[in-house]
Amino acid sequence: MPEAQETVLVIDLNALRSNYEYLRSKIPSSTKFLAVVKAFGYGSDAVEIARFLNTLEVDYFAVAYVHEGVNLREAGIETPILVLHPQPVNFTACIENCLEPSLYNTRTLRLFISEAENQNLNDYPVHIKFNTGLNRLGFREKDVDLVVSEISKSPAIRAKSIFSHLAASEDMKEREFSKRQIETFDKITDACISALGYRPLLHMCNTSGLLNYTEAHYDMVRCGIGLYGFGNSQKENRNLKPIASLKTVISQIHNIEDGETVGYNRAYTAKGLMRIATLPIGHADGIGRQYGKGKGYVTIHGKKSPIIGNVCMDMIMVDVSNIECNEGDEVVIFDPENTAEALGEQVGTISYEVITGISQRIKRLYIRSGF
Ligand SMILES: *Cc1c(COP(=O)(O)O)cnc(C)c1O
């Protein structure tokens, strides 16, 4: 990997391939693989990730919102795309772009059916979301009759899949709860299938569900964080590799004296002679103010250097008093060894939030080899 000369997010597509192959190896070959590429591919780049995963023949993509799906279509991605959380105002664009909506309540189901009927569609694929305990989106078990009758009444749509989402798939202390969710899903899907008279695809597992609940793989898994290299456990982290490395450089070094202060609001006061480095990355880039005042750190020539004072919009200052370094040297914010997960732990958050928070302002670089 070449040395960074500015702030860059380096995305290792070889790592993405190996994560995909690992996750795929955990499911039967007949089970479909849906890659979740919402939120810019978990903060990397949805289009590049989707293009690359297409070469590995994933079966489906998912995004959260319609405009994310439109971006993929405009980039030429032709794979089926499930939109997990569409709003009715975007149903026309959804259909125009061959995006398949998740319909999660009576309102979205009825509005989508009327849009599909207005456009004289036939058997347009939709995905019916059931709530089995997360209490976020989805119909309830008691809604089965209503859902089936609405779908069956209209030739305009067809239930391509029925799905649900686990509330605590990564938490082995919640195994009993997850098993109850799976049982509820079985009851719901049995009832739907017999009333519909055909069998839609069934799916329930995110990354941790895939890894921890083999009995719930059904026809497809929906995998996000694992592809990006995090397994939500130390054990699984060893089988995966973070695909994104966030790097920057030292813009300037200051030698400051005892009692001098650093940054806005003079939030840091030097204790004795110090050497501090200013880096071109700040809260507008996704390194939030919570990382300031010594909570967060960067790594320079393998040594940890704390962020001092307040995080600025475009800069942070770090303490390099004990690190041999020069202006222009490379700085690691996170990489496969100094992980985004470990950085997030410093401020009470998880890998998901750290990586999806990296702003689109930062330049993306791709590593790929052997193909
Ligand atoms: C984001 C999301 C996923 C992916 O979850 P990971 O834990 O990142 O694998 C799967 N299903 C739904 C409904 C989601 O919203």
> Counting pairs of Cα atoms in the range 31-228, how many percent are more than 20 Å apart?
Replying inline: 54
>> Just to be sure I follow the rule: in the range 244-367, considering lysines 8 or more places apart or on different chains, how many pairs have Cα atoms under 19 Å apart?
In response: 11
> Over the range 31-228, what relative contact order in percent results from Cα pairs under 8 Å that are six or more residues apart?
Replying inline: 19
> Given 25 °C and 0.890 mPa s, how large is the Stokes-Einstein diffusion coefficient of the range 151-235 in µm²/s, with Rh as the Kirkwood radius over Cα pairs?
Replying inline: 176
> Tell me, what is the 1.4 Å probe accessible area of residue 261, in Å² to the nearest 10?
Replying inline: 50
> So what is the relative contact order of the range 244-367, in percent, for Cα pairs below 8 Å that sit 6 or more residues apart?
Replying inline: 28
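Count the net charge of all other residues whose Cβ sits under 12 Å from the Cβ of residue 265, scoring Lys and Arg as +1 and Asp and Glu as -1. Please report the intermediate quantities before stating the final value.
Details: positive: 266, 289, 293; negative: none.
The answer is +3.
Just want to confirm a number: the relative contact order over the chain, from Cα pairs under 8 angstrom separated by 6+ residues, in percent.
Here the relative contact order equals 19 percent.
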>> Taking all protein chains in place and a 1.4 Å probe, what share, in percent, of the accessible surface of the range 244-367 do carbon and sulfur account for?
In response: 47
>> What percent of all Cα-Cα pairs in the range 244-367 falls into each 10 Å bin, going from 0 up to the bin containing the maximum distance?
In response: 13, 49, 32, 6, 0
> Quick one: accessible area per residue over the chain, 1.4 Å probe, rounded to a whole number of Å²?
Replying inline: 45
> Given the Cα-Cα distance of residue 349 and residue 237 and 0.36 nm per residue of separation, how much length would full extension add, in nm?
Replying inline: 38.7 nm
>> Assuming 0.36 nm per residue, please report the length gained on full extension of the stretch residue 123 to residue 180 beyond their Cα-Cα distance.
In response: 17.3 nm
> Rg and Dmax of the range 140-292, Cα atoms, in Å?
Replying inline: 25.7, 78
>> Out of the total accessible area of the range 31-228 (probe 1.4 Å, heavy atoms of protein only), what percent is carbon and sulfur?
In response: 47
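If you stretched the chain out fully between residue 293 and residue 79, how much longer would it get, using 0.36 nm times the residue separation minus the C-alpha to C-alpha distance? The partial results should precede the final answer.
Working: separation 214, 0.36 × 214 = 77.04 nm, distance 4.56 nm.
Going from the current span to full extension adds 72.5 nm.
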> How many percent of Cα pairs in the chain exceed 34 Å?
Replying inline: 36
> So, by mean Cβ neighbours within 10 angstrom, what's the order for 284-290, 42-48, 270-276 with the highest one leading?
Replying inline: 42-48, 284-290, 270-276
> If you take the Cα Rg of the range 2-146 and divide it by 2.2 N^0.38 Å, with N the number of residues, what do you get?
Replying inline: 1.19
> What are the GluC sites (Glu not before Pro) within the range 238-324 that DSSP puts in a loop, where the Cβ has at most 11 other Cβ atoms within 10 Å?
Replying inline: 257, 324
> Using mean Cβ contacts within 10 Å as the protection proxy, how do 230-236, 82-88 order, highest first?
Replying inline: 82-88, 230-236
> Which whole number of Å³ per residue matches the convex hull of the alpha-carbon atoms in the range 306-371?
Replying inline: 162
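The values are calculated or read from the model by the stated rules, or taken from the named source; none is laboratory data. Bear in mind the structure is a predicted one, so any value in this text is a computation, not a measurement. When we count neighbours, we look across all protein chains shown, and the Cβ atoms used for this are built from the backbone with ideal geometry, even at glycine. For the accessible areas, the whole protein counts, side chains as well, though only heavy atoms, and no ligand, DNA or RNA atoms are used. Shrake-Rupley method; radii C 1.70, N 1.55, O 1.52, S 1.80 Å.
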